[in-house]
């Protein structure tokens, strides 16, 4: 029984890394909770910029300009984080697990399903509340590029999907 629908419409940025004999089982983005830190940083910077703008520190237009230019740089950094999140994918195929990351410098981490000897998922209290988890995979005593994947949405369903692929009947 499939609990997670197959996307079958993986973006071209992911399809180029699939082998001809592989079938895309699930392609998902990381959970949007990965952006909690950047959102918090931008909002905190906005509050600090607003407070500094109304204090004696910002009595000149030059200091006001510096304060708001710094906040604008923080906003640009936030937009960059969102853009990177939008192109990062976790892919489960019939033969392996892939994690593609990076907007300019593309990084593709993969682990063959046959090499996975131990797999578990973890959920923090915040992860349970927001609906994400962490996959931790081990492989025959070797360090793998894909040993820990954070902010996975629907971790229970994806765990069952991966285990079903590893332990075919």
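Nothing in this text is a laboratory measurement; each read-out follows from the coordinates by a stated rule. A quick note: this is a predicted structure, and the numbers were derived from the prediction, not measured. Cβ sites come from the backbone with ideal geometry, for glycine too, and all protein chains shown count toward neighbours.
Suppose R0 equals 35 Å; then what is the FRET efficiency for residue 76 and residue 148 from their Cβ-Cβ distance, rounded to the nearest 0.05?
The pair residue 76/residue 148 has a calculated efficiency of 0.75.
Using a Gaussian network for the chain with springs between C-alpha atoms less than 10 Å apart, which of these wobbles most: 93, 55, 124?
Comparing 93, 55, 124 in a Gaussian network model of the chain, the most mobile one is 55.
At a Förster distance of 22 Å, what's the computed FRET efficiency of residue 106 paired with residue 160, Cβ-Cβ distance as r, to 0.05?
The calculated FRET efficiency here is 0.15.
Over the range 27-169, what lengths in whole Å, largest first, do the semi-axes of the equivalent ellipsoid take, defined as the square roots of 5 times the eigenvalues of the alpha-carbon gyration tensor?
Result for the range 27-169: semi-axes of 42, 15, 11 Å.
Tell me, what is the Rg over Rh of the range 62-143, with Rh the Kirkwood radius over Cα pairs?
Expressed as Rg/Rh, it is 1.17.
What full-extension length gain, to one decimal in nm, is calculated for residue 128 and residue 44 as 0.36 nm per residue of separation minus the Cα-Cα distance?
The residue 128-residue 44 span can extend by a further 27.7 nm.
Given R₀ = 25 Å, what would the calculated FRET efficiency be for residue 94 paired with residue 140, taking r from the Cβ atoms and rounding to 0.05?
Efficiency for this residue pair is about 0.75.
Between 20, 112, 11, which gets the highest mean-square fluctuation from a Gaussian network model of the chain, Cα cutoff 10 Å?
20
Most mobile of 128, 96, 30 per a Gaussian network model of the chain (Cα springs, under 10 Å)?
128
Can you tell me the orientation of helix 61-87 relative to the chain, as the angle in degrees between its alpha-carbon axis and the longest Cα principal axis, to the nearest 10?
Approximately 10 degrees, to the nearest ten.
How far, in nm, would the chain grow between residue 69 and residue 29 when pulled straight, counting 0.36 nm per residue and subtracting the alpha carbon separation?
The span from residue 69 to residue 29 would gain 11.2 nm if fully extended.
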